[in-house]
Every structure is written in structure tokens, then in C-alpha cells.
Amino acid sequence: MTVKETSATRQQQIIAAALDIIAKRGLANLTTAAIAQEVGFSEGAIFKHFPGKEAILAAAVKSVGGRLASQAAAIAGRKDVPPGEKLKLILDLHLSLAATSPAMPRILFSDELYTSYASLKEIIRGIIAGYTRALEAIFNEGMETGEFKRFFPAHTLAFIFIGLIQSTIIRWRLDDGIDPREQGQHIYRAIMFMVGR
């Protein structure tokens, strides 16, 4: 393993530890000391890979947010899938990422992060904008093909869609009895009721 590979591996371990701490204990409990303890090396070693906590948070935001936005864009760009099915795929993607990366909704869709770290606001805004563009493209496509009615603007529908998912994730985190897959089916039916012909 080369030095570059070792550094990249260490950076990924630090990002994963930060995300785990945020998911389990919240942003307020994220410290470089806690990250060091989680990954099993000294706090000083953290600073060999990142200049500070804010840089770690920026990398974590880009990691989970980039995955959501890029995969949503890939789904939106598929020519072999009708718009309604694309929405279902993105809904499943979002809920799946929330299940496998529980810190994702806490760092992308909460003002807690960018009010504490103003420099991250633009990164988060860019990720959400990319995700929203993918959804808007699907709603516009559905309107152009006649699969969806033109009652609401695509931009409004995109934010309704995201809002329904995020409220489900919040309820899921508060009550272990909620099945996100079942809630996902309700969200999909609600959106299709709003836009369908």
C-alpha cells in the first residue's frame, strides 16, 4: 500500500467515524478527540489528514451528499424508465441511504450544521440544488410526456417530495416501530396522487 493510498484510507476512516458519531450522538458531540477514539489513533494523527473539524465535516457532507445527488441525477437521466418509476427509484435510494448512513439527514437537511459552520452552507446548498434539479427534471419530463398533470411547478413538487421523505426519516428516528419501506409506499402514492393523471 502506498503512502497516498494509506492517507486516502485514513481519511475515509476519519469521515466514517465522524458520520457514525453524528448519527449516534449528534453534531454537538463531534470532536476530534471523539473521532480519534473511534478510529483508534491519536488526535494529532487526525490533523495529518485534515486541518480541523470543519474540514472533516466538509468531507463528510460531500461524501454522503454527493452520493445522493449523483445517483439521483443518474436515475433522472435514464431514458429506459418512465418518470413515475424514476421517482420510486429515487425514493428508495433516499430511504436506503438514510438507513445505511443515518447521519445523512442530520447533516444535509438540518440547519444545525451550517449555522454552526457557515463555510459549509454553500456545499450543502450545492448538493441540495443538484438533488432538487434531478427531481425537477423528472417532474418536468412527466409533464411533457403527459404522465403527470401540470398543477404544481416542478420545483414545488421537488421540495414536497423531499419534505415528505425527511419527515418520514425524522419519525423513523423518533419511533423504532415505523417501517420506512411502508412509509415510502405511502409517500409514493401521495406524490403520484398529486401529479398523476
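The values are calculated or read from the model by the stated rules, or taken from the named source; none is laboratory data. Owing to the predicted nature of the structure, the values given are computational and were not obtained by experimental measurement. Here the Cβ positions follow ideal geometry from the backbone for every residue, glycine too, while neighbour counts run over all protein chains shown. The protein model used for the area step is the full one, side chains on, heavy atoms only, and it has no ligands, DNA or RNA in it. Shrake-Rupley method; radii C 1.70, N 1.55, O 1.52, S 1.80 Å.
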>> Step by step: first the residues of region 142-183, then only those that are modelled with pLDDT under 90 and basic (Lys, Arg), then the one that is surrounded by the fewest Cβ atoms within 10 Å (Cβ to Cβ). Which residue is that?
In response: 181
>> Whether any residue in region 70-87 is closer than 20 Å to residue 35 by Cβ, of a type in the set (Asp, Glu) and open to solvent by 20 Å² or more (accessible area, probe 1.4 Å) is what I want to check.
In response: no
> Taking region 80-104 on its own, how many of its residues are farther than 21 Å from residue 157 by Cα and more than 15 Å from the chain's Cα centre (by Cα)?
Replying inline: 1
> How many residues does region 20-41 hold that are open to solvent by less than 80 Å² (accessible area, probe 1.4 Å), touching a helix residue (DSSP H, G or I) at 6+ places or on another chain (Cβ under 6 Å) and either farther than 12 Å from residue 106 by Cβ or among the aromatic types (Phe, Trp, Tyr) (or both)?
Replying inline: 6
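Looking only at helices (runs of 4 or more DSSP H) that fall completely inside region 33-118, which ones have 2 or more residues that are within 29 Å of residue 171 (Cα to Cα)?
Ranges flagged: 53-76, 83-100, 104-108, 111-116.
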> Looking only at region 1-32, which residues are outside any helix (DSSP H, G or I), touching a Lys or Arg at 6+ places or on another chain (Cβ under 9 Å) and at pLDDT below 90?
Replying inline: 26, 30
